[in-house]
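For reference, the structure discussed in these notes is given below.
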Amino acid sequence: MKLKPKEGLLWMLAAAAVSLSFSACKPKGAGSAVSGNAAQRTYIPPGQYDEFYTFTSGGFSGQMSVYGLPSGRLFRVIPVFSVDPEKAWGFSEETKPMLETSHGFVPWDDLHHIESSFTDGMPDGKWMFANSNNTPRLARIDLQTFRTAEIIEIPNTGGNHCSPFTTENSEYVIAATRFSVPPDGPGGDVPISSYKENFKGHISFVSVDKETGEFNIAFQLKTPGLNFDLSSAGKGVSNGWLFISCYNSEQAHTLQEVNASQNDKDFIMAINWKKAEEYFKAGKGVKQAVRYAHNKYDEHTHTATSQIKTEVTVLDITDFDDLAYLIPCPKSPHGADVNPTGEYIVGSGKLAALIPVFSFEKLQNAIANKEFEGERYGGVPVVKYESALHGEVQKPGLGPLHTEFDEKGNAYTSFFVSSEVVKWNVKTLEVLDRQPTYYSVGHLMVAGGNSKKPYGKYLVAYNKITKDRFLPTGPELCHSAQLFDISGDKMELLLDFPTIGEPHYAQSLPADILKDKSLKIYDINANAHPHKTNGEAEARIEREGNIVRVYMTTIRSHLTPDVIEGIRMGDEVYFHVTNIEQDWDMPHGFAIKGAKNAELLIMPGETQTIKWEPDRVGIFPFYCTDFCSALHQEMSGYVRVSPK
Ligand code: CUK
Ligand code: CUA
């Protein structure tokens, strides 16, 4: 079933109905759409490596997963905003602080987007950034350890969807609110019907330390009430600017699905962030009392700390004449994507039947010549649509969402409603190719497709619905990714592969950038954990009141000590387990009967802790949970718990 774009809303609704009824009819030619030698082109022989690492968001699983391309093989799931029992993430005493917020311990979130750190507009292999949508947070993942290194909460924000888009040299990671809300604090107790007066948008500029990667909320921009959906930082000619898609210019606070879709055009907000930075540095911002958590994982102590911070600097964009401009953009824009040269900004009105492409040069001229609409929006100048427009891609498909770019001047846009990926030329706006996706693609990713020099070659469509694509697994099916080869004129479908959670955005990095810097081992001598045990000879049990600390070591194939007596009801027992192996890829696990804090997985050179409060008298076995040697089954011991 190939849907041909036609005009009009009626057809759009019909198309939506058709796409929802895909379950009933398997599209003809779904199989034949696969390239004949696809197997060879995605097959990585045993023992050989993939060409790309692909970091993929896990959506409502709160995790990030790492796949190889072109094989689609899953290498690792990195817990970010959710607890993960496999790695004791959020269970071990060392990692619990990573999930602290100003609301307390929040062990789940909705991870939508991933963006790599950049140097001169190219992925530099240092970090991945990820947003959380619900209790607004931003995370930094260390690409040496493939672990979450830092999480910062974002104040004045409800739904951090418009994040973590990154400037050309990762000066800032952006976090902007999807739901306008009143500013944090006691002033937030206002009638919801006072949306127009009291609800505001906030855009946070989170700076990234060049060496350590450390986050710091430098400043926030306060805006009129708008919903910020997605953004892209300018690059090349537009470096220093930021482009954010805004919907709900109607400022509806009820029945948003209807009331926020009334206006013919919403906006893309163009922000001169270098100017904003200047004003901030000149002390033009206002300090506001807020509360947010800032959590860091220290690789020396192998322990996270959480700190509550209490202040943020806010600049109101309406106080300045040259900070922000609105460009009208048809029908609830979702993606706002900037091409590799930085000259073109692609808006994707998810209810529109065309794609507007704006020109940075024309925008600059329009601003210089004040080619504005008569009326401002909430005090912000609105640039005339035609003045900023490079042109429109006509009849590209239905429901455009996201656009990525290749190295040859082409753009690839995902269409949710007509369920396809469309290739078009950025300069001529001519549609060059279209391929169906199975079904209903959300984001798509071209390797390096948001950088200054895309790697091209592969495109992955991240689909929302799988229906008949895989063996059925009860009412809930996996989400999926579809790999296309885009090196030729026509896109060729190579592979379907299931994903973890709901994949939104992803980032592919050439394997060569990362594979040699991947950390092999934690040096036990550099381990500064306060409860480290250097060797079996130091293993011991210490008591202080009702606090018992077991300093335990693991090495093939022994847990020391393995006989523990003297524990009494009412004790709080901490097993500080140090893995004293110094051989790569030799983790040990630790679990004890009845423990509520899952298991530990301890890497060589590392110390991790389980807290255990025995709930009954008796003998409790414990053991290593990760098969480590022929004597793994023997790697165990007993704890005796006696009455108080
Ligand atoms: S998105 Cu978050 S609703 Cu198009 Cu980035 Cu999927
Ligand atoms: Cu150590 Cu199994």
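Given labels modelled 7 Å from the Cα in the Cβ direction, how far is it in nm from Phe627 to Asn525?
Computed distance between label sites Phe627 and Asn525 equals 3.5 nm.
Once phi is turned into θ = phi - 60°, what whole-Hz ³J(HN,Hα) does the Karplus curve with 6.51, -1.76 and 1.60 give for every residue of the range 581-597, x standing for Gly and Pro?
4, 10, 10, 4, 6, 10, x, 10, x, 8, 8, 10, 3, x, 5, 8, 9
Length gain on complete extension for the stretch Glu278 to Asp615, per 0.36 nm per residue less the alpha carbon to alpha carbon distance? Let's see the in-between values first.
Values: separation 337, 0.36 × 337 = 121.32 nm, distance 5.89 nm.
Between Glu278 and Asp615, full extension yields an extra 115.4 nm.
Among Asn463, Gly234, Phe372, whose Cα projects farthest towards the positive end of the dipole of the chain, with charges put on the beta-carbon of Lys, Arg (+1) and Asp, Glu (-1)?
Among Asn463, Gly234, Phe372, the one farthest towards the positive end of the dipole of the chain is Asn463.
Could you let me know the centre-to-centre spacing of the range 324-388 and the range 135-211, using Cα atoms, in angstrom?
Taking the Cα centre of each part, the range 324-388 and the range 135-211 sit 23 Å apart.
Only helical DSSP H runs with n ≥ 4 go in: add -39500 (n - 2.57) per run for the chain, normalise by residue count and round the 222 nm mean residue ellipticity to 500 deg cm²/dmol.
My calculation for the chain gives -2000 deg cm²/dmol from helical runs alone.
If you add up the charges near Ser232, with Lys and Arg at +1 and Asp and Glu at -1, over every other residue whose beta carbon is less than 14 angstrom from its beta carbon, what do you get? Numbers along the way, then the final one.
On the way: positive: Lys235, Lys452; negative: Glu115, Glu168, Asp229, Asp337, Glu343, Glu404.
Within the 14 Å Cβ shell, the charges total -4.
Would you work out the charge dipole size for the chain about its Cα centre, treating the Cβ of every Lys and Arg as +1 and the Cβ of every Asp and Glu as -1, and quote it to the nearest 20 debye?
Using Cβ point charges on Lys, Arg, Asp and Glu, the chain gives about 1140 debye.
By the gyration tensor of its Cα atoms, with a ≥ b ≥ c the square roots of the eigenvalues, what is the shape of the range 383-488: rounded for a/c under 1.5, prolate for a/b over b/c, or oblate?
Values: a/c = 2.44, a/b = 1.66, b/c = 1.47.
Because a/c hits 1.5 or more and a/b exceeds b/c, the range 383-488 counts as prolate.
Please list 3J(HN,Hα) in residue order for the range 467-478, calculated via the Karplus relation 6.51 cos²θ - 1.76 cosθ + 1.60 where θ = phi - 60°; whole Hz, with x for glycine and proline.
Taking θ as phi minus 60°, the curve returns 6, 8, 7, 10, 4, x, 10, x, x, 9, 9, 5 Hz for the range 467-478.
Taking Lys490 as the anchor, which lysines have their alpha carbon closer than 20 Å to its alpha carbon, excluding any fewer than eight residues away along the same chain?
Within the straight-line cut-off, Lys490 pairs with Lys2, Lys4, Lys28, Lys395, Lys408, Lys423, Lys427, Lys457.
Is the C-alpha gyration tensor of the chain telling us rounded, prolate or oblate? Criteria: a/c under 1.5 is rounded; beyond that, a/b larger than b/c is prolate, otherwise oblate.
Since a/c reaches 1.5 and a/b is larger than b/c, the shape of the chain is classed as prolate.
When Val382, Val190 are ordered from fewest to most other Cβ atoms inside 10 Å of their Cβ, what list results?
Details: Val382 18, Val190 13.
Taking fewest neighbouring Cβ atoms as first place, the list is Val190, Val382.
By the scheme Lys and Arg +1, Asp and Glu -1, what is the net charge of all other residues having a beta-carbon under 15 Å from that of Glu492?
Every neighbour counted, the sum reads -1.
What is the antiparallel percent of DSSP beta bridges lying wholly in the range 527-642, to the nearest 5? Display every interim value, and only then the final one.
Working: 25 of 37 bridges.
Taking every DSSP beta bridge within the range 527-642, about 70 percent pair in antiparallel fashion.
How would you rank 511-524, 329-342, 528-541, highest first, on the average number of other Cβ atoms within 10 Å across their residues?
329-342, 528-541, 511-524
Please rank Glu153, Glu430, Glu581, Glu613, fewest neighbouring Cβ atoms within 10 Å first, as an exposure proxy.
Ascending number of Cβ neighbours within 10 Å: Glu430, Glu613, Glu581, Glu153.
Taking square-rooted eigenvalues a ≥ b ≥ c of the alpha carbon gyration tensor, is the range 527-642 rounded, prolate or oblate, where a/c under 1.5 means rounded and, failing that, a/b exceeding b/c means prolate?
prolate
Calculate, in nm to one decimal, what Leu471 and Asn259 gain on full extension: separation in residues at 0.36 nm each, minus their alpha carbon distance.
Values: separation 212, 0.36 × 212 = 76.32 nm, distance 3.97 nm.
So the chain would gain 72.3 nm between Leu471 and Asn259.
From the cross-link list Lys96/Lys596; Lys275/Lys331; Lys126/Lys296; Lys222/Lys275; Lys362/Lys453, which pairs have alpha carbons spaced over 20 Å apart?
Listed pairs above 20 Å: Lys275/Lys331; Lys362/Lys453.
Using mean Cβ contacts within 10 Å as the protection proxy, how do 43-51, 298-306 order, highest first? Please list the in-between numbers first.
Values: 43-51: 10.7, 298-306: 17.4.
Per-residue Cβ counts within 10 Å, averaged per peptide and sorted highest first, yield 298-306, 43-51.
Where in the range 607-644 does the label zone of Ser557 land, with the point 7 angstrom along Cα→C-beta and an amide N cut-off under 17 Å?
Within reach of a label on Ser557: 622-638.
Quick check: Cα centre of the range 578-644 to Cα centre of the range 413-473, how many Å?
46
Where does each of Ile567, Ile355 land when they are ranked from fewest to most other beta-carbon atoms within 10 angstrom?
Ascending Cβ contact count within 10 Å gives the list Ile567, Ile355.
Go ahead and run the numbers for FRET between Asp319 and Lys453, Cβ-Cβ distance against an R0 of 51 Å, rounding to 0.05.
Efficiency, from the Cβ-Cβ distance: 0.85.
Using 7 Å Cα-to-Cβ label points, what is the Trp584/Arg568 separation (nm, one decimal)?
Output for this residue pair reads 5.0 nm.
If Lys and Arg each add +1 and Asp and Glu each add -1, what is the summed charge of the other residues whose beta carbon sits under 12 Å from the beta carbon of Lys210?
Charge balance near Lys210 sits at -4.
For Tyr43 and Thr145, what is the calculated FRET efficiency with R₀ set at 30 Å and r taken between the beta-carbons, to the nearest 0.05?
So, using R0 = 30 Å, E works out to roughly 0.50.
Any read-out appearing in this document is the output of simple, stated calculations on the displayed coordinates, not a laboratory observation. The structure presented is a predicted model; accordingly, all values stated were derived computationally and were not measured. Note that we place each Cβ from the backbone using ideal geometry, even for glycine, and neighbour counts take in every protein chain shown.
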